[in-house]
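Let me begin by presenting the structure, written as structure tokens, before commenting on it.
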Amino acid sequence: MAEIWEIMSSPGRVKILQVIARNGPLNITRIARLTGLNYNVVHAHIRFLTEAGVLECYTLGKSRICDYSNSKLARAIKEFLISV
């Protein structure tokens, strides 16, 4: 599992986490639009955040939906980002 500083060290990852914290579960295309990041960049960050245990993704129809996992670290990050 990644350390908190690894997760929060990328401005792109922080943008993605903020967007999901504020908007709830989203598909990767919507995350890319809301963050202004390239789809492939978002996809790579999502993969990292999923492997770190912060996000969980599931398939709904043709879309891949991402949301915070239920881990202690994920809950702490989400609460922090909602409050700032």
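The values are calculated or read from the model by the stated rules, or taken from the named source; none is laboratory data. Model, not experiment: these values are computed from the prediction. Positions of Cβ are generated from backbone atoms using ideal geometry, with glycine treated the same way; all protein chains shown enter the neighbour counts.
I'd like to check something: does the stretch 55-69 contain any residue that is assigned to a helix (DSSP H, G or I) and in contact (Cβ under 8 Å) with a residue 24 or more places away in the chain?
Step one: list which residues in the stretch 55-69 are assigned to a helix (DSSP H, G or I), which gives none.
For the stretch 55-69, residues assigned to a helix (DSSP H, G or I) and in contact (Cβ under 8 Å) with a residue 24 or more places away in the chain: absent.
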Counting only residues that are in a helix (DSSP H, G or I) and free of Cβ contacts under 8 Å to residues at least 24 places away in the same chain, how many does the stretch 30-53 have? 11
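Which members of the stretch 45-75 meet the condition of being aliphatic (A, V, I, L, M) and surrounded by 14 or more Cβ atoms within 10 Å (Cβ to Cβ)? I'd like the intermediate steps shown before the answer.
Looking only at the stretch 45-75, we keep the residues that are aliphatic (A, V, I, L, M), and these are 46, 49, 52, 54-55, 60, 65, 73-74.
Across the stretch 45-75, the qualifying residues are ILE46, LEU49, ALA52, VAL54, LEU55, ILE65, LEU73, ALA74.
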Which numbered condition SER83 misses (of (1) surrounded by fewer than 18 Cβ atoms within 10 Å (Cβ to Cβ); (2) modelled with pLDDT of 95 or more; (3) not aromatic (Phe, Trp, Tyr)): (2)
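Given the structure, is GLY12 in contact with a Ser or Thr (Cβ under 8 Å, 6 or more places away or on another chain), more than 16 Å from LYS78 (Cβ to Cβ), touching a residue at least 24 places away in the same chain (Cβ under 8 Å) and of a type outside the set (D, E, K, R)? I'd like the intermediate steps shown before the answer.
Numbers: in contact with a Ser or Thr (Cβ under 8 Å, 6 or more places away or on another chain): yes; more than 16 Å from LYS78 (Cβ to Cβ): yes; touching a residue at least 24 places away in the same chain (Cβ under 8 Å): yes; of a type outside the set (D, E, K, R): yes.
Criteria met by GLY12.
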